[in-house]
Structure formats: structure tokens, C-alpha cells
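Notes to accompany the following structure.
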């Protein structure tokens, strides 16, 4: 028993890394506009979580923590997953641990890692692999498809494996001294600032809403959008987002918000607003 | 023909759920599905060449952030099958598959919005009931099946009975509905972001959200740049934190 206690400092065994690796492929399996990859993340870390919390009460409480909205480039997702495991592990050991910091750190990492992941995988790497493949396949050579797949997959797998390893290593190393010097409070606060800043940026890049409404202004045709762009670009996406925040604060259910967006979009197209 | 159509539909199904079930492993791209469809339809070389042309054509359309790209997977499977079947060129085949591509893109958005959101609610419920098996099953099946089955069915009908059959039906959907769905797809991500804001908001740190937004809209920074700036602001804020030392007994 004594020995087991000692080993439990390294909760992640090769088997757990493999479990996270394979399960991370389904991270988008229940992608939705509201929760995005939340449940994919939860699904991926179930095995190590169970080890950390043998007790059902703690285990399901931990699972619940990981049902919050989450989104990331799938290829780098294991980094955040094993980092989350490291934080859950610390939470199990340390009574003072602030569980809110887990989600703050996850949200804080979403933007930066996706920024790197998207440009590397979608923008650079896939294009290179496809370029090589297309060159060969144009001449009817089957090697085109095979090379494309091999090049892409080898980098894809390698990234996932390394991301998983380093997420956990970094997490445990950082958290080792976390209980001293108010480290956890600092981490939580810092991560929520980083997270909110990036969410602000994501409203600008992910949400798109423009109006096509135009009217005659002293003889010249002007679009309402061009006026918005001059006064406050992105007023509509920002407004839509905060309308949703407000609706959530009024306890309006997600499904009604989503249906409302569909109905308003279609109505808006009918009368020519969008 | 029916067997061929069934096999093509199976490939279309697997390709359509690649992002969901196989982690966007790229086996769904036309460059890879081309030779397989070629093999099924009995002309591998044409399949490979068609796959290359379609891949080049669709190079730009990928899933980034939450923008939904035009449906590439099932519709390129259909294009390749139609091209081999009828001996038509790439252009004709793509034109024939275009209504399907537009429809499937719309359908995909719908799946992310309604079945996806429904699955999320049910998973939440299952976790509350401590039924992990049910939660996992919901996670793995609802969205992939609701995307995959219609894609496969439509491709099957198109290959077995001719692409015109479904094009005539799909053309019945009014343009206004299609346009409305596209507008909705652009906006819908704000729901997820709103959930995060509601959870994290604390009026003291809300200004950071607006700094991030302004950095993108006014300064034209990308997300990585904003993240680095955000990290710096976070460090400054953390370093100036003050703690009450009262709890510590000396």
C-alpha cells in the first residue's frame, strides 16, 4: 500500500497516454455551436480521471467540471487534456486547490494553441502534403494519395503524442510548487485574464454578422454596414454575443437561443437585412 | 449498379464523419477517396486524377475555428462517381454535385445547432445521473449519425438513380432558407462564446475582453498576437496582486 502511494505521483501510465491519444480523435464527435468540443475533452480524459478519483462522488464532480464550452485545433488537443489531468491530480492531493482555475487555464490555452495549431496544420502542413500528393496524382499515380496520407498522418500522430506528453510534464512540474506563494490564485486570475482577452479576439474572428441594408442618403446609396464599419467595426457580432450573454443570464435555454438565431436569420434574409 | 452505389455511399458516410469520428485525419479528402471510388466504379486511374483536381479545387476550404466550409467530403465522392459513371469531365461532375454540396453544408450547420446541442443536454443529464456509458454513447453517435446517414443516403440515390433526381428535389428549398442558414452559421458561434463569458465574467476583468476585441477589429491583430498581449497583461496583473497575509500564523 505504501508503495502504491509512492507511485501515485505518476498517475499517467503508458496506457493512459494511449487512451487519451486514441480518444482525442473523437474530440469533435459531439461538436455543437454552444458546447463545441466540451464532451470530446471529457471523453478523452475519463480513464485517468477515474484513477485520480476512485470515489464516484469526486469522479462525477470532476467530469462535470469538464462539460464547459471548449474549442481547439484537434491536433494539439492532447496537450490541454493531459495538462487538465495534471491539474485534477493536484486537486485530489491539495485541499486548497481552486477548481475554477482548471477551467480558466483551459480557456486561456484555447486561443493561443488554436492559433498555432490552425496555421500550422491547416494552413501550412496540409497544403504541403496535398501539394506533393496532387503533383503525383495528376498523372494518375496512386502514390499521390498514399504519400499525402503518410506525410500528413505521421506529423499528425507525432504532434498528438508529444503534445500529450508535454502537457502532463509541464502541468505537474508547474503545480509542484503551486501551493506556495499563492501560486494557484495567481494562476487562476492570470488565466482568466488571458482567457477573456482571447475570447474578445474570438468574437472578432469567429462570429460574422453583416447587414446588407442600404438606403438613400442625400442622393447617394449608402449601406448601413459601411456606417457601422466607420463608427464601430464588429458592432453586430459583439452585440449578438452580448445579447446571448444577457439571455443566458435571464436563464433562457440554449435551444431557444439557437432556434431564435435561425428564425431571425431567415426572417432577416426575407426582408433584406442580411 | 446498386452494389456499386451502396459501396460509394459507404465511402461517403465514412468521409462525411471524418471530422467527428476520425479526428480530421484527412482520409476524407478527395485526394484519398478518389482512388477508392475509382476502384469501386472500375476506373482507378480516372478516380486518382479526379481526386487530384478536386483536392486542388477545395484546397482552401477547411475547418478553421468554427467557420463551416462548403461540404467537400460526400459531395466530392459523388462528383468522382458521377464523372466515372458518365464519362463527364471534372467541371460537369462538380456542377452536378454542387446542389448536394450546398445542401449538405446547410445540413451540417443544422446538425451542429440542433442535434449537437440536444446531445450536449443529454450528456449533461447522463453525467448528473452518473451514467457514464450513456454519456459516451451519446457523445460518439448523435452528431456523426445525423451528419453521416443523410449524406450517404443522398449520395446513394444520386449514384443509383442519377444526380438529377436529387437536384430537382433540392432545388425546391427556397433560396431565402439557404441564405438564412448561412447567416445563422456565421453568428451561431457567439452562443458558445456567450456561455464562456457568462461563466468567467467578473466585472473587474471584463475590460480585457474588450481589449481583445478591439485588438482584432481595430488593429487587425490575429489571435496569436492577441494571446501574447493577453499573456503580458495577465503577468502584469498577477505580479501586482496583493494578498492578505492575515491567514498565515506566525
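The values are calculated or read from the model by the stated rules, or taken from the named source; none is laboratory data. Since we're looking at a predicted model, the values are computed, not measured. Quick reminder, even Gly has a Cβ in these numbers, built from the backbone with ideal geometry, and neighbours come from all protein chains shown.
Observations on the structure shown:
- The residues of region B:116-144 that are touching a residue at least 24 places away in the same chain (Cβ under 8 Å) and over 16 Å from residue B:13 (Cβ atoms), listed by number, are B:116, B:118, B:119.
- All positions within region A:4-39 that are surrounded by fewer than 18 Cβ atoms within 10 Å (Cβ to Cβ), assigned to a loop (DSSP other than H, G, I, E, B) and either touching a strand residue (DSSP E or B) at 6+ places or on another chain (Cβ under 9 Å) or at pLDDT below 90 (or both): A:8, A:9, A:10
- Which numbered condition residue A:119 misses (of (1) free of Cβ contacts under 8 Å to residues at least 24 places away in the same chain; (2) more than 7 Å from chain B (Cβ to nearest Cβ); (3) over 23 Å from the mean Cα position of the chain (by Cα); (4) assigned to a helix (DSSP H, G or I)): (3)
- Members of region A:247-263 found to be loosely packed, with under 13 Cβ neighbours inside 10 Å, at pLDDT 90 or above and assigned to a loop (DSSP other than H, G, I, E, B), listed by number: A:250, A:251
- When residues of region B:182-205 are limited to those that are surrounded by fewer than 23 Cβ atoms within 10 Å (Cβ to Cβ) and more than 7 Å from chain A (Cβ to nearest Cβ), the one farthest from residue A:241 (Cα to Cα): B:204
- Check on residue A:230, outside any helix (DSSP H, G or I) and more than 23 Å from the chain's Cα centre (by Cα): no
- The number of residues in region A:122-150 that are within 23 Å of residue A:72 (Cβ to Cβ), more than 23 Å from the chain's Cα centre (by Cα) and more than 7 Å from every other protein chain (Cβ to nearest Cβ) comes to 2.
- Residue within region A:187-195 that is within 11 Å of another protein chain (Cβ to nearest Cβ), modelled with pLDDT of 85 or more and surrounded by fewer than 17 Cβ atoms within 10 Å (Cβ to Cβ) present: no
- Test: residue B:50 is free of Cβ contacts under 8 Å to residues at least 12 places away in the same chain and either buried (at least 24 other Cβ atoms within 10 Å of the Cβ) or on the phi > 0 side of the Ramachandran plot (or both): no
- Sole residue being assigned to a helix (DSSP H, G or I), away from chain A (no Cβ under 14 Å) and within 15 Å of the chain's Cα centre (by Cα), chosen from B:117, B:146, B:101: B:101
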